[in-house]
1. Only one residue in Ala130, Ala124 is away from the ligand (no atom under 14 Å from the Cβ), touching a helix residue (DSSP H, G or I) at 6+ places or on another chain (Cβ under 9 Å) and aliphatic (A, V, I, L, M). Which one?
2. Given the options Leu62, Leu73, name the one that is modelled with pLDDT of 95 or more, in contact with a Lys or Arg (Cβ under 7 Å, 6 or more places away or on another chain) and more than 16 Å from the ligand (Cβ to nearest atom).
3. Could you please find all residues in segment 242-258 being buried (at least 20 other Cβ atoms within 10 Å of the Cβ) and either within 16 Å of the ligand (Cβ to nearest atom) or assigned to a loop (DSSP other than H, G, I, E, B) (or both)?
4. Looking only at segment 203-220, count every residue that is touching a strand residue (DSSP E or B) at 6+ places or on another chain (Cβ under 9 Å) and either of a type in the set (A, V, I, L, M, F, W, C) or more than 18 Å from Asp298 (Cα to Cα) (or both) and tell me the total.
5. Residues of segment 269-322 being surrounded by 15 or more Cβ atoms within 10 Å (Cβ to Cβ) and charged (D, E, K, R), which ones?
6. Out of all the residues in segment 135-185, which are touching a helix residue (DSSP H, G or I) at 6+ places or on another chain (Cβ under 8 Å), closer than 24 Å to Lys308 by Cα and among the β-branched types (Val, Ile, Thr)?
7. Out of segment 181-208, which residues are surrounded by fewer than 22 Cβ atoms within 10 Å (Cβ to Cβ) and touching a Lys or Arg at 6+ places or on another chain (Cβ under 6 Å)?
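The values are calculated or read from the model by the stated rules, or taken from the named source; none is laboratory data. Note that the structure is a prediction, hence the values are computed from the model and not measured. Note: ideal-geometry Cβ built from the backbone for every residue, glycine included; neighbour counts use all protein chains shown.
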Amino acid sequence: MKTTDRRSFLQASLSGLAGLASAPLLGGLAGCQQLPSRQPPGSTIARKTALTTEKLADRVTLMTGAPGNVVALSASDGIALVDSGAADSARAIKASLAGAKVRTLFNTHYHADQTGGNELFGAAGAEIHAHVITRQWLATDYYVPAEDRWVKARPKAAWPTKTFREKGEMKAGVESIEYGYLLEAHTRGDIYVFFRDSNVLAVGDVASPLRDPALDWYAGGWLGGRVDAMDNLLALANDETRIVPAYGPVMTRATLQAERDMMLQLYDRTTDLTDHGRSAQDMLDAGVLNEVSRKFEDPYRFLYDVSKGLWAHYTNFGGNIV
Ligand SMILES: [Zn+2]
């Protein structure tokens, strides 16, 4: 059965924050940056957005509007942040911390909305933790096929200083933090960060409750990897876990399960069509999105990325090719 054939995954005090309601910042990157911003780090654009905060647990606060989500754990030895927001948002994030030092910063993946504040927090002494492949993307010039352009490597100050390939854990004050690889779910360097004691699980762009799920196929993301990664996340969570995606509302295990089931349904439909040599437009015409519990903003774009990812991973699921 395909779903087994494809399985290749690796077995594998925020006292300063509490009470902060909203801090103004310059932002304006609309939506998940599946592709990095044209904005050079540190630049600003005119549209104002608001950074809002919500307490998810005694020690854990969610910041929204950076333009995505940033999670902050308060510990006796400093703050642990998951993602640093876009470059334009980094100062507002720092201001929200009211002087508390960021000791640890995790990057869930390399996209600019998640790594734009790396220079700021790194220069202030934060250790930046990420998958080794995320470091490679940040350290290298790369091509963006959808826009036919090159993106320059980020300055060395933005590069992760601690990298890993599979999983790890650390203590931050009394909190146990677990983190690990989510193989090929959105890019090829996605990770989760699990604040085990507070039961908050940050998953980056591997879940997407609001926007169309993004598959950065050129960086290794594909539908099969995404389903496998979501299974890994479901195994970590229980009914009380607060699951934080890169964009959109906090999820429960049940809402993550529903999104995973939808992605598996799409996986089965689109791999079958790919086996028959069908294109993204063929998939759209065949109505593969018709019965899923999701309205897609840009169905063709989503299916184009699905199709590209499936072709890149054909040997993971393919039968005979036409
Ligand atoms: Zn992303």
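1. Details: Ala130 fails: away from the ligand (no atom under 14 Å from the Cβ).
After applying the criteria, what remains is Ala124.
2. Numbers: Leu62 fails: in contact with a Lys or Arg (Cβ under 7 Å, 6 or more places away or on another chain).
That would be Leu73, the only listed residue that is modelled with pLDDT of 95 or more, in contact with a Lys or Arg (Cβ under 7 Å, 6 or more places away or on another chain) and more than 16 Å from the ligand (Cβ to nearest atom).
3. Of the residues in segment 242-258, the ones buried (at least 20 other Cβ atoms within 10 Å of the Cβ) are 242-247, 251, 256.
Matches in segment 242-258: Val244, Pro245, Ala246, Tyr247.
4. 7
5. Matches in segment 269-322: Arg269, Asp272, Asp275, Arg278, Asp282, Arg294, Arg301, Asp305, Lys308.
6. Val144
7. Ser198
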